[in-house]
Each structure stands twice: as C-alpha cells, then as structure tokens.
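Down below is the structure, laid out as structure tokens.
Read-outs: derived from the displayed coordinates by stated rules, not from any lab. The shown structure was predicted, so the numbers you read here are calculated from the model rather than taken from an experiment. Counting neighbours? That spans all protein chains shown, and the Cβs are built from the backbone with ideal geometry, glycine included.
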C-alpha cells in the first residue's frame, strides 16, 4: 500500500500534485511520502505484536537526512553499515544508542566512532573482526556488545547480487562453527555477548525462506540463551515490495483481488508465520528492514526529452539516467513507468525508455507499453524510494537529483539538486601542470 494515486488526470503524492513539484524543482526529482513510510512502520510493528520488538531501519536503502529524522520520530533505530551512516544519523538529530552496526569490513576508525556513540551492538561477520573490536574497545576502556551473524545456508530465491544467507556468500559465519565463535567471544575481556543475528537476503516475496531460516536458527538461539543470557535475536530484513503493478498496489481493491494463497507477501502474512516461532524465546527481537519501509514510498520524476522513432523500435529519451537510478542497469530490475498527467484518450505506445548517458546500458525499460507522451511531459518511475538516490553517481558529470518530502498537503525540498560547482569543489589541478 502507498499514497500515490491519480486525482483526476494528475498523479499525486498524498495531497500534492506532482506536476507542481516538478514545476518548482525541475527534474529528475525524487519525491517521498511520509504517510507511506509511517504506515509501513506501523503495519510491521502490528504484525509482530506480543513480541518485544525493535525495528532498526536499514538506512543504506535511503539515507536522506529528512527520512532519518522521520524514522527517529517514529521510534526506530538504524541498521548501520559505515562510519558515514553513523555520522548521518547524528546529523539528522538522532542517536545510535538503539542502532546496530553491521558490515563485513569495519575499520578501526569506524569501530571507534560507533563505540564513542554507544551503539546498541555490533553485528560481527568474522573472527578477525571480533578481535579488532575487542582491541579498539580495550584501547577506549569500554566493553563492546556484539552479536555474531549466523549464515544459515538458506536460499532466499532472490537476485544473485542481493542474496546473503548462502554458504558461498561473504556474509556471516556458518552455523557449524558459530557455537565455537561465541565461546571465543565470551572469553575476550572487552566483549559482551549480547545477541544473535541473521539476514538471508533482500526483496523476498514469499514467506518460505524466512520460515526456513528462523526455524533453523531459533533452537541455536535458545541454547545460546542458556549459556550467555542474550539480550536479543535479530532476524534481519528482506521483505520485498511490489515493482510490477506498483501504482495499482496502492489500492485496497488491488490487494482484495488476490486469494489468500496468491496474495503477495505482506507484513500481516509475515508476522502470522514468524511471531509464533519467535515468541517462545522470550527475548527482544530486532528487525532490520530497508526496502520495505521506503521502496514504495518514493517515485522519481523525469521529463521527456525526445521520442525517437527507429527502424524497428521506438526510444523514449528521458532526462533521468542510470546515474540517477542505477537498479535497471545494475540488476535488470523493473520499475513501473507512468505518465504524471494521464490522458485515456491517447493511444498506447511500445517503446524502450532510455536516458541520455553514452552507454547502451542506460536503459530503464525495453519494449514497454505506456501512454503516448511527448517532449516536455512528465513520467514517474514508481517504487523508487529504495536504492535510488542512495546509489546515484556523477557519471557523465551529471549532478545528482533533487529530493522532496511530502506530508499531507505540505511538501519541502529536502535535498537541492547538485550543481556543477559542488561536483568539482574537492578537485584541484596540481602545480606541476600550471
């Protein structure tokens, strides 16, 4: 569910006409719905009611300061994967005391920053990392709370680049050696064993892999609880969102059109399966969703530059490019593309939707059927709130897009469009080339 819909002929975010935003701030521009994010957090909390639950937003999905402030106000912590993300949370006026620090390559400086800001726990990926955390904590005279990330060897049946729970992935340690890892951790003087962590992948659209992983790891957690008096069990994130039929999925009627067996994964179906498995542990449960909370809460607005009619196909050239939204070129992923101004009297056109970058891979869609649109008109890329702006680059010396946050009928520019001067501000020409 989300808060993007047509009011009359124009696409709106909540109560704001998207043509108004594009008129003020240009394109490409990302637009986010505060109501959708709030609803997603609320539904996920309700689905696991009865548990001592803490949601830590996986901010790599979208690290906008405005969204981080919103999540902080909604009571979430954060799933952090770099020192820069720690600093972003602090810059947003939040703290990291209810947040976890994950990632396979934590530097000494990042570990020190996390300890200085009293991070809730480190999610440890290897024995060398555990030793490093102990060393840094000892130098600072503190004790570091940790959870070892367990790799349950479960196939998430998702894209190969975003699966994380198989034995041949770089994440976590195998369950077969995890008990020994915890015994070693407990003997380190500046380490406190606080929990167990797992995460099997991203964009999962069925409950089966979640159930398999939790059923596999819960008995291990129960045994560790006896030995180490654990504080929590983190089951990661990974709940998928709707990319195809994304606009229609904002309507309850669309969801009601499915049988219970065929309905896409929802927070409610997720909670119905996992809550009974987790409740007997009697400890805090951490959840680290990213895409689910923000993915369908954002769109990217783009303006048509040209309709190029080729010998065998059409090309709709837009002003957004792979530097603005990398997912289609990186993962061959799908984003629904809809006109911001709908006109049902127009014929549909079958076209490739491409950007202006000098790469054949700068393509958002192939042979896509959309309403006929012409030069200067707007389209919206749906479900663009996750891994959109946060993966943007300056390729082809293109400035990164603007970002706007909407709440009801109010909206505000929360990230100005990047200028050329900002792009080159850190560069210099050496004296020997003068």
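Before moving on, here are some points about what is shown:
- Between residue 277 and residue 15, the FRET efficiency estimated from the beta carbon spacing at R0 = 56 angstrom works out to 0.90.
- When each of 148, 55 is scored by the number of other beta-carbon atoms lying within 10 Å, the sequence from fewest to most is 55, 148.
- Extension gain, residue 184 back to residue 314 (0.36 nm per residue minus Cα-Cα distance, nm): 40.6 nm
- Degrees between helix 208-228 axis and first principal axis of the chain (Cα, 0 to 90, nearest 10): 30
- P(r) histogram, all alpha-carbon pairs of region 1-102 included - 10 Å bins from 0, percent: 14, 37, 31, 16, 2
- Range of Cα positions in region 35-290 per principal axis (Å), largest first: 59, 40, 34
- Sorted by Cβ density within 10 Å, fewest first, the residues 428, 367, 33: 428, 367, 33
- Remark: 176, 251 ranked as 176, 251, counting other beta-carbon atoms within 10 Å and listing the fewest first.
- Amide N proximity, region 22-40 versus residue 422 label position 7 Å along Cα-to-Cβ, cut-off under 19 Å: 22-32
- Rounded tilt (10° steps) of 34-47 against the dominant C-alpha axis of the chain: 40
- Adding -39500 (n - 2.57) for every DSSP H run of four residues or longer, then dividing by how many residues the chain holds, sets the calculated 222 nm ellipticity at -8500 deg cm²/dmol.
- Where a label projected 7 Å from the Cα of residue 394 along Cα→Cβ would reach, residues of region 322-342 with amide N under 19 Å: 322-326
- The distance linking region 55-103 with region 117-145 is 19 Å (Cα centroid to Cα centroid, whole angstrom).
- Between the Cα long axis of helix 267-278 and the first principal axis of the chain there is an angle of about 10°, rounded to the nearest 10.
- Three-way shape label, region 296-423, alpha-carbon gyration tensor, a/c 1.5: oblate
- Of all DSSP-defined beta bridges confined to the chain, some 50% are antiparallel rather than parallel.
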